[in-house]
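The values are calculated or read from the model by the stated rules, or taken from the named source; none is laboratory data. All figures in this text were calculated on a predicted structure; none of them were measured in a lab. Don't worry about glycine lacking a Cβ; one is built from the backbone with ideal geometry, like all the others, and counts go over all protein chains shown.
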Amino acid sequence: LLHILHCNAKICHRSTKPLEMTILYESLCPDSQMYINKLWPVYRKYHRCINLQLVPYGKASPSKSAQFGHVCQHGDPECWGNLMQDCAIHSNLSQFDQMKFVTCQMKDLEQTKRKSFTCARLLNVMYPVLRCMGPSGIGDQLQTQSSIITKRYGFSEIPAI
């Protein structure tokens, strides 16, 4: 898909309707990391031609007893990362900056393992993200919505487009 977009740049610039693209991924998945890092240069060049929806949930599942309200494939640190990225994506960031933020987080998975807010600070969304992730924030609702979107597609592997 990205290869087609890359090879058809002239068509992209003449098109009035952007390519609709939903990315299902996990914040600590090495395959997701590789995909996001490969997508970023193409997205940076053709972002005006892509309507991108980022969905950080993956193979998680809802659980009332879990610390983050969900059980994640790569443990609690991944649930924290999915929640944090969902909160950043749904803050006041433009679509371009959403992708910039996710790429920043995914460049070094240790940031998520350390619960780092470095990328949120860089894009000036640290306080909205902290509020969203807090006990009275909407983070759990965002993750529930990401769960619904992910399940709707029914993919067995992550990342998925």
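Among the criteria (1) surrounded by fewer than 22 Cβ atoms within 10 Å (Cβ to Cβ); (2) within 27 Å of residue 18 (Cα to Cα), the one residue 130 does not fulfil is (2). Within segment 105-122, the residues that satisfy the criterion of being touching a helix residue (DSSP H, G or I) at 6+ places or on another chain (Cβ under 7 Å), surrounded by fewer than 18 Cβ atoms within 10 Å (Cβ to Cβ) and assigned to a helix (DSSP H, G or I) are 107, 113, 118, 122.
Of all residue pairs spaced 6 or more apart or on separate chains, those with beta-carbon atoms under 8 Å, a first member in segment 134-161 that is touching a residue at least 24 places away in the same chain (Cβ under 8 Å) and a second member that is part of a helix (DSSP H, G or I) and small (Gly, Ala, Ser) are 158/32; 159/32.
Taken over segment 123-161, residues that are farther than 16 Å from residue 36 by Cα and either of a type in the set (D, E, K, R) or in a helix (DSSP H, G or I) (or both) amount to 23.
Based on this model, can you work out whether residue 86 counts as crowded, with 21+ Cβ neighbours inside 10 Å, out of contact with any Cys (no Cβ under 7 Å at 6 or more places or on another chain), of a type outside the set (Val, Ile, Thr) and in contact (Cβ under 8 Å) with a residue 40 or more places away in the chain? Yes: the conditions hold for residue 86. Note on segment 135-152: residues that are under 11 Å from residue 58 (Cα atoms) and of a type in the set (S, T, N, Q) total 4.
Looking at this structure, is residue 54 at pLDDT 95 or above, of a type outside the set (Ser, Thr, Tyr) and either over 23 Å from residue 155 (Cβ atoms) or under 14 Å from the mean Cα position of the chain (by Cα) (or both)? So residue 54 fits the description; yes. No other residue among 69, 81 is at pLDDT below 90 and closer than 18 Å to residue 146 by Cα apart from 69.
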